[in-house]
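Reading through the structure tokens given below for one structure.
We did not get these values from a lab; they are worked out from the coordinates using the rules stated. As the structure is a prediction and not an experimental result, all values here were calculated from the model. Note: ideal-geometry Cβ built from the backbone for every residue, glycine included; neighbour counts use all protein chains shown.
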Amino acid sequence: MAGIKDTGKSWVRTVFRRRLFVIGTLLLQIGFIIAVIAGSSLFFRRLNWAFNVTSIIVCIYILNRKEKLNYKLTWIFLILMFPIFGGFLYLIFRSQSNSRKLKRRIEREKKRGLPCFFLPGNRLPELAAKDRNHLPQAAYLQDYAGFPVYVHTEAEYFSSGEAFFARLPEEMEKAEHYIFLEFFILRQGQMLDPLIEIMERKARAGLDVRIIYDDLGCFMSLPQDYKNQLEQRGIKCLVFNPFKPILSSLQNNRDHRKLVIIDGKTAFTGGINLADEYINAIERFGHWKDAGIMLRGEAAWSLTLIFLEMWNLEMSKDDYPLFYPWKEKPCAVESDGYVQPYADSPIDDENVGEHVYIQIINNAKEYVYINTPYLVVDDNLLSALTLAAKSGVDVRIITPHRWDKKVVQITSRSYYRQLIRAGVKVYEYTSGFNHSKTFVCDDKAATVGTTNLDFRSLYLHFECGVLIYQNRAVKAIKEDFLATIPISHQITEADCARNAFQRVLQDILRLFAPLM
């Protein structure tokens, strides 16, 4: 079977030229701003005066925006440091018509798809009658965010990329109607290539086969013409938010979701991208620890709609009910608790992922265990975590010991200090990089998804996850966390900053946490 063409020296040259063009264009824009600042003519002096006035007006505007306080403080601090062009940069990054157009498209697709989420029925009254402790969380996601509760669903938890990948090809081979993939990172190799071959074979058999991948996430991992290569093999492809070499806030809004949809009946999500380090076929930052979940049954339909809404932002306007898998007979999968998939968008004003996490923390009575690759949070999450620990809840967090971003590690340790003082137990996974994103509390509720505990994931990216109540997978998520504790190092306050210089550096970096 024909494979995607070789990615040898010619591909490397093509990638290099593209990256060089982007870097050069950005440097030209930065050079123009510097020239304006450094210019000594009367024109430049008047322009500088205008920029100063703009910065003052922008600071007033920022203070009155409905926005996270941390973002406000960071931008105002930057404008105070660079009063000439700070306000001008803010306007470039934050006030663009394209963002408003995207918001309108998202709202239109969400309105069009919302009734279809309820095709399997409304299960919220059933959940409320059985256990009202989960009702506030479930009602928020269903009635306000638009993501219903489902039954007739099995959930299988994967505690590693290897376990995830062992099941994925097997399930894709069962597809009879369609296969949809949506990922932040794709990289050709032992993980991606076999899946592409399955998709090509299914496409040639007449199935509807589609891929969405984020352009910036794949900027250094895929050839520029990869979309054309996929389409030549019969696979429909959407490159989300193509990266443009301009100073733009839209470049922050990446598609960080990881989804595999099979016939609307089976769905996968979690932290695992389709690249070889996620299954430890190659080593990056030591052993790669990750997590995923597979849904079989009604709840897979919700993730199907989440994919289709993203696809329809740019591509054909699908008739959503045509993809519903149980038009002729109801889903026969045995119920195993309650399952509630959800998605988050940076374009609206609702931080769904953050609210899911905060409600899990606030509802915990005995324990809340958290896996996250990054720990750079705002005051709301910090307050929720510290209050839970001070109230006697066993709060534990596992982060990586070997980080992919050194600056994030230094910044995270400034948060460690405050958390540890409040009684939170913080661990670092000593074998390598912990990329899992899981929360579990009280043997009753858990979530597995794509959302990291950092500003970019919580407020700037498109994300998704699965919330489960009274499901057997809750126990598996807890057991995985507890099994990771013995191979992790518990952090003490002394570990966080060993000298005054480190503490000062952490505090400075923390000022810029919203931009990391």
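Numbers below:
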{"read-out": "Ranked 415, 320, 140, criterion: other C-beta atoms within 10 Å, fewest first", "value": "140, 320, 415"}
{"read-out": "Highest-first arrangement of 196-208, 368-380, where packing means the average Cβ count within 10 Å", "value": "368-380, 196-208"}
{"read-out": "Alpha-carbon centroid distance for the pair the stretch 307-377 / the stretch 380-442, whole angstrom", "value": "23 Å"}
{"read-out": "Ranked list, fewest to most other Cβ atoms within 10 Å of each Cβ, for 143, 215", "value": "143, 215"}
{"read-out": "Karplus-derived HN-Hα couplings along the stretch 481-491 (A = 6.51, B = -1.76, C = 1.60, θ = phi - 60°), whole Hz, x at Gly and Pro", "value": "4, 5, 6, 7, 4, x, 9, 10, 9, 6, 7"}
{"read-out": "Whether the stretch 355-405 is rounded, prolate or oblate, judged on the alpha carbon gyration tensor where a/c under 1.5 counts as rounded", "value": "prolate"}
{"read-out": "Residue-by-residue Karplus 3J(HN,Hα) for the stretch 332-338, coefficients 6.51, -1.76, 1.60, Hz, glycine and proline x", "value": "9, 5, 5, 5, 9, x, 10"}
{"read-out": "Under-5 Å amide H pairs with residue 160, H placed in peptide plane, nonlocal only", "value": "292"}
{"read-out": "Vicinal HN-Hα couplings computed from phi for the stretch 466-471 (Karplus, 6.51 cos²θ - 1.76 cosθ + 1.60; Hz; Gly/Pro x)", "value": "10, 9, 10, 10, 6, 10"}
{"read-out": "Ranked packing of 261-268, 358-365, most packed first, by mean Cβ within 10 Å", "value": "261-268, 358-365"}
{"read-out": "Burial ordering of 437, 72, 317, 329, fewest other beta-carbon atoms within 10 Å first", "value": "329, 317, 72, 437"}
{"read-out": "Whole-number percent relative contact order across the stretch 342-480, with pairs defined as alpha carbons under 8 Å at least 6 apart", "value": "32 percent"}
